[in-house]
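Trainee: My structure is below; once you've seen it, I'll send some questions.
The values are calculated or read from the model by the stated rules, or taken from the named source; none is laboratory data. The shown structure was predicted, so the numbers you read here are calculated from the model rather than taken from an experiment. Glycine also receives a Cβ, built like all others from the backbone with ideal geometry; neighbour counts cover every protein chain displayed.
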Amino acid sequence: MTIKEGDMLPAETLRILGDDGSPKPVPTQEFFAGKKVILFGVPGAFTRTCSAKHLPGFVQHANDIKAKGIDEIACVAVNDAAVMGAWGVAHGAPGNVIMLADGNGDFTIAIGMDVDRRSNGMGVRSRRYAMLVENGVVRKLNVEPEGSYGISSAETMLEQV
């Protein structure tokens, strides 16, 4: 089942790269509790559109988005914490965007955003989307049609919050 506006995010554990270089668990119930968060999902770290537009847009507009009352901006992909951490550093994310790893795709599958990319040698990945989450509840959800980029962009989310 695909998550929709009004739904509570599922209880899953994501990971971030800790200061010591090891992955640290991030339970979704704790991460989203009592906060307004923009969460955007991408097919993969260091991939074409994700690196050229999606992550850089949120880094560039982070201050403007947070000025509208958003507590955190987070990016999630079906990659491990080390890859997400390195990708974030490469694009100036620290202090702007929290890089969440969904290495096994458990969160992505639980919200119905998984897509089979095995024919391209990429395994199971995430669809491209962005959502506004308030205290764990999805308030706005923008899911891109396959192969598109626009409605999940930082610019669109900035207009919608």
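Trainee: Identify all residues within the range 4-15 that are surrounded by 19 or more Cβ atoms within 10 Å (Cβ to Cβ) and either among the polar types (S, T, N, Q) or in contact with a strand residue (DSSP E or B) (Cβ under 6 Å, 6 or more places away or on another chain) (or both); write none if there are none.
Mentor: The answer is Leu14, Arg15.
Trainee: On to the next question. Considering only residues that are in contact with a strand residue (DSSP E or B) (Cβ under 8 Å, 6 or more places away or on another chain), surrounded by 13 or more Cβ atoms within 10 Å (Cβ to Cβ) and within 14 Å of Asp80 (Cβ to Cβ), which ones fall in the range 25-46?
Mentor: Scanning the range 25-46 gives Val26, Gly44, Ala45.
Trainee: Looking at the range 117-127, is at least one residue part of a strand (DSSP E or B), buried (at least 20 other Cβ atoms within 10 Å of the Cβ) and of a type in the set (Lys, Arg)?
Mentor: yes
Trainee: For the structure I just gave you, tell me whether Gly92 is closer than 18 Å to Thr47 by Cβ and surrounded by fewer than 15 Cβ atoms within 10 Å (Cβ to Cβ).
Mentor: So Gly92 fits the description; yes.
Trainee: Additional query: Identify, please: which residue in the range 27-55 is among the basic types (Lys, Arg) and outside any strand (DSSP E or B) and is, among those, modelled with the highest pLDDT?
Mentor: Of the range 27-55, the ones among the basic types (Lys, Arg) are 35-36, 48, 53.
Right, trim to outside any strand (DSSP E or B) and you get 35, 48, 53.
On the way: Lys35: 97, Arg48: 80, Lys53: 84.
Once the filter is applied, the top-ranked residue is Lys35.
Trainee: Something else: Quick one: count up the residues across the range 130-152 that are assigned to a strand (DSSP E or B), charged (D, E, K, R) and touching a Phe, Trp or Tyr at 6+ places or on another chain (Cβ under 9 Å).
Mentor: Selection size over the range 130-152: 1.
Trainee: With under 13 Å from the mean Cα position of the chain (by Cα) and either closer than 22 Å to Ala33 by Cα or buried (at least 20 other Cβ atoms within 10 Å of the Cβ) (or both) as the only criterion, which of Val97, Val143 stands out?
Mentor: After applying the criteria, what remains is Val97.
Trainee: Of the conditions (1) of a type outside the set (Ser, Thr, Tyr); (2) in a strand (DSSP E or B); (3) farther than 16 Å from Ala77 by Cβ; (4) in contact with a helix residue (DSSP H, G or I) (Cβ under 9 Å, 6 or more places away or on another chain), Glu155 fails just one. Which one is it?
Mentor: The one condition Glu155 does not meet is (2).
Trainee: Can I ask one more? Does the range 115-125 contain at least one residue that is acidic (Asp, Glu) and under 18 Å from Asp102 (Cα atoms)?
Mentor: Yes: the range 115-125 contains one or more residues that are acidic (Asp, Glu) and under 18 Å from Asp102 (Cα atoms).
Trainee: Residues to consider are Ile70, Ile65, Ile109; find the one that is assigned to a loop (DSSP other than H, G, I, E, B) and surrounded by 15 or more Cβ atoms within 10 Å (Cβ to Cβ).
Mentor: Step by step, each of Ile70, Ile65, Ile109 is checked, and only Ile70 is assigned to a loop (DSSP other than H, G, I, E, B) and surrounded by 15 or more Cβ atoms within 10 Å (Cβ to Cβ).
Trainee: How many residues are closer than 11 Å to Leu39 by Cβ and either within 12 Å of the chain's Cα centre (by Cα) or crowded, with 20+ Cβ neighbours inside 10 Å (or both) if we restrict to the range 128-140?
Mentor: Selection size over the range 128-140: 5.
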